[in-house]
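The values are calculated or read from the model by the stated rules, or taken from the named source; none is laboratory data. If you're wondering where the values come from, they're calculated on a predicted model, not measured in any experiment. Counting neighbours? That spans all protein chains shown, and the Cβs are built from the backbone with ideal geometry, glycine included.
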Amino acid sequence: MNTSQTSLPEVGKLRLNNFALAVGDLDRMVSWYVKVLGFEVTERGRFDAVGAAYAMLDGMGFRLELISRPGTRNKRPVDRTVPPDHLDVLGWKALVLETQDLPVTTAALSEQGVDIVWAELPLSPAMQSTMIRDPEGNLINIFGSPGHS
């Protein structure tokens, strides 16, 4: 292949638009991401070309797109391989967030009844992690420094 004739986009011209998450129950998932993680709904609509409804949520410095094709029957559920074995399943693993105070964040999530996979797990001497699942089973990993006693 003659690469001199191929026109590829310059990486510097690309920028992140959003992360997209396919969901089964759009209204339930929008409500959870707003209530639990503090996202703000900035847009709702339909992509008629693919028969999908969507919601754009902004927060924490990025945009999350929740998208759903209501009425389709061949939906496949989230892979619920228990961490850390989830790392043996190829593909995207988790939405990863960071907090300045992991114990306080973990306690707040627990008070809301969030599905906690693990709480304040030491990953290294300088980092701990609380792993949660959203209502449809998608993993969200929250990093933070170890708490101080």
Under 6 Å between Cβ atoms, at least 6 apart or on separate chains: pull out the pairs that start in segment 74-94 with a residue that is without any contact (Cβ under 8 Å) to a residue 24 or more places away in the chain and end on any residue that is surrounded by 10 or more Cβ atoms within 10 Å (Cβ to Cβ) and charged (D, E, K, R).
-> V89/D79
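Using the structure shown, decide if I116 is surrounded by 10 or more Cβ atoms within 10 Å (Cβ to Cβ), touching a helix residue (DSSP H, G or I) at 6+ places or on another chain (Cβ under 7 Å), part of a strand (DSSP E or B) and touching a residue at least 24 places away in the same chain (Cβ under 8 Å).
Taking the combined requirement at face value, the residue does not satisfy it.
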Considering L37, L26, L66, which residue is touching a Ser or Thr at 6+ places or on another chain (Cβ under 6 Å), among the aliphatic types (A, V, I, L, M) and modelled with pLDDT of 95 or more?
-> L26
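Considering only segment 1-105, give the strands (runs of 3 or more DSSP E) lying wholly within it that have at least 3 residues that are exposed (fewer than 13 other Cβ atoms within 10 Å of the Cβ).
In segment 1-105, the matching strands (runs of 3 or more DSSP E) lie at 40-47.
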Taking T42, is it polar (S, T, N, Q) and within 20 Å of I132 (Cβ to Cβ)?
-> no
Can you pull out the residues in segment 36-62 that are closer than 30 Å to Q100 by Cα and of a type in the set (V, I, T)?
-> V36, V41, T42
